[in-house]
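Student: Below: one structure in structure tokens.
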Amino acid sequence: MASPWSAGKKLVHLDLKGAPPKIEYLLQLIELFAKLGADGLLVEYEDMFPYEGELKVLQASTHSAYSGEEVMRIQEAARAQGLEVIPLIQTFGHMEFVLKHESLRSLREVDQCLGTLSPHGERPLQLLMHMLQQVIQRHPGLSTLHIGADEVYLLGEGVESQRWLQEAPGRSLEQLFLRHVTAVARAVKTSWPHLTILMWDDMMRDMSQDTLRDSGLVGLVQPMLWDYTPDLDVNKTVSLLQKYGAAGMAEVWAAGSFKGSSGVHVCVPSSQRHVDNTLGWLRVAAALSPTTRLQGIALTGWQRYDHMSVLCELLPVALPSLASCLQTLTDGEFSAETQSKICSKLGISSVEVETMERISEDTVMFPGRFLAEIIVDINSFLNSEDVRYFENNMFVRGWFSPHQRQRKMVNPLIVKQIQNQAAEYLSMLQQKWDVLREEIMHLYPEPTQQEWEQEHVWLVRAPLQRILEETAACL
């Protein structure tokens, strides 16, 4: 057993760049997060923030961004539950939602890379400060800001970066990265001196202690080290955090995960996988020297790997995983007693969403519970071998091959059986999808149900529909 998490805050990450919950459901979730033991929200708005003026183009186009009033309601709900709100605004990498627009295309580091901002000239920093100004203005009383800066792909490959690197001997990609991030952090501190600035750490992991100490970032930012693996390397992670501390960045953060990190298109998470990651972070916290001051941990819940990728697990189906991670942090272990507390809080019999059942008929269900059950059910159906690989079964391969279809040389008895089975599976799928579609529409905007259907249902429906049509043409 590790010690309970005592190192600062426990943040729940809200990734709004996909499947943004309707505001009423989001307010219910905020209340639940507090009940489960969180004391802060790390809110990644992306295109759901109500940018105005020339930045209005950044708002989502397939559905409405949250309004200014709704952004205030989010903060008020969090404040009522004792939760701090920390906006996360990307300022270097993962800026796809900004740089995908033609009007801002010239600000890309490399034209084919939508995510990385060019770190040259005045315009990129002006754009970032304009974005940050609007976000900060809509967060009165804000004390902490996260400026992202992870996964800055293809940095140094742009024409201007190549020129910069060659202009003076000894210039490096590390210096190019640090130069931009330091400029952003200094600009933020100049405009809002009271703000604490967080940033992702991954681009600094291979930098030497001296490079970090001389970077200009010391005293400006607090690095947040992310690792979502279930078998987290404790010694390596402790060493890395203490390197940051020795370089002068003694106040550091951790980031684990409760969903959205085990596969780009996964739609049902494993609580145990994410608990294992959380237990690893508890061991890291226990092993750190007192000179490295851990400020807190963020439990990330990625909704997409990036702005252009498909949806990961929806929030309702990941709530048992989140509850498990938070309770594990509180207890310092994932014992039978800990699991009993989790089940009691959510009104379920198992911490794994795939096997959860209501404790009793009068148990209050957690918000989104019915949708979680439906997703588990339809996911099981969609991934059953008989359904997903129907075209590969013995009868289709043996008596209804492409050659036989083309020549219409088939055994009517067997082909009729194939047709009937395909029709039955299609009917079952449609019934399940009708229930899921109705429930998802209660909690999410219409484009979310459309995308979920296209990602998961169409892949199975289309081959079955094709079999049905082709068997009819041969009989």
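Student: Reachable aspartates and glutamates from K408, Cα under 20 Å, same-chain residues fewer than 8 places away excluded?
Tutor: E391, E469, E470
Student: Now for a separate question. Go through D231, D306 and list them by solvent-accessible area, largest first, probe radius 1.4 Å. Write down the numbers at each step before the final one.
Tutor: Details: D231 120, D306 45 Å².
Greatest to least solvent exposure: D231, D306.
Student: So what does D39 come to for accessible area, using a 1.4 Å probe and Å² rounded to 10?
Tutor: 40 Å²
Student: Let me ask something else. Compute the length gained on full extension between R171 and I23: take 0.36 nm times their separation in residues and subtract their Cα-Cα distance, giving the result in nm to one decimal. Don't jump to the answer; show the numbers that get you there.
Tutor: Numbers: separation 148, 0.36 × 148 = 53.28 nm, distance 4.78 nm.
That pair, R171 and I23, stretches by 48.5 nm at full extension.
Student: Students sometimes get this wrong: rank K408, K259 by accessible area, probe 1.4 Å, all chains present, largest first.
Tutor: Final ranking, largest accessible area leading: K408, K259.
Student: Ok, one more. Using only C-alpha positions, report the orientation-averaged shadow area of the convex hull of the range 89-133, nm², one decimal.
Tutor: Working: hull surface 11.0 nm².
Taking the Cα atoms of the range 89-133, their convex hull projects to 2.8 nm² on average.
Student: Here is a follow-up. Modelled label-to-label distance, D214 and A462, 7 Å Cα→beta-carbon offset: nm?
Tutor: 5.5 nm
Student: Ignoring ligands, DNA and RNA, what percent of the 1.4 Å accessible area of the chain is carbon and sulfur? Before the final figure, lay out the partial values.
Tutor: Details: 9770 of 19910 Å².
Answer for the chain: carbon and sulfur cover 49 percent of the accessible area.
Student: What percent do you get for the relative contact order of the range 416-475 when only Cα pairs under 8 Å and 6+ apart count? Could the numbers behind the result be given before it?
Tutor: Working: 22 pairs, mean separation 39.4, N = 60.
Averaging sequence separation for qualifying contacts and normalising by length gives 66 percent for the range 416-475.
Student: Now, a different point. Hey, if we sort S324, S340, S172 by accessible area with the 1.4 Å probe, largest down, what's the order?
Tutor: Details: S324 0, S340 70, S172 35 Å².
If we order S324, S340, S172 from most to least accessible, we get S340, S172, S324.
Student: Next question. Rounded to the nearest 500, what is the chain's calculated 222 nm mean residue ellipticity when only DSSP H runs of at least 4 contribute -39500 (n - 2.57) each, over all residues? Provide the component values of the computation, followed by the final result.
Tutor: Numbers: 18 runs with 223 residues, N = 475.
The helix-only estimate for the chain comes to -14500 deg cm²/dmol at 222 nm.
Student: For K35, give me every one of the lysines with a C-alpha distance below 29 angstrom, ignoring sequence neighbours fewer than eight places off in its own chain.
Tutor: Straight-line reach from K35, under 29 Å: K9, K10, K17, K22, K259, K341, K345.
Student: Just grab the label-to-label distance for T355 and H194, each label 7 Å out from Cα along the Cβ direction, in nm (one decimal).
Tutor: 5.0 nm
The values are calculated or read from the model by the stated rules, or taken from the named source; none is laboratory data. Just so it is clear, the structure is predicted and the values come from calculations on it, not from any experiment. We place every Cβ from the backbone using ideal geometry, glycine too, and count neighbours over all the protein chains shown. These area figures cover heavy atoms from the full protein model, side chains too; ligands, DNA and RNA do not enter into them. Shrake-Rupley method; radii C 1.70, N 1.55, O 1.52, S 1.80 Å.
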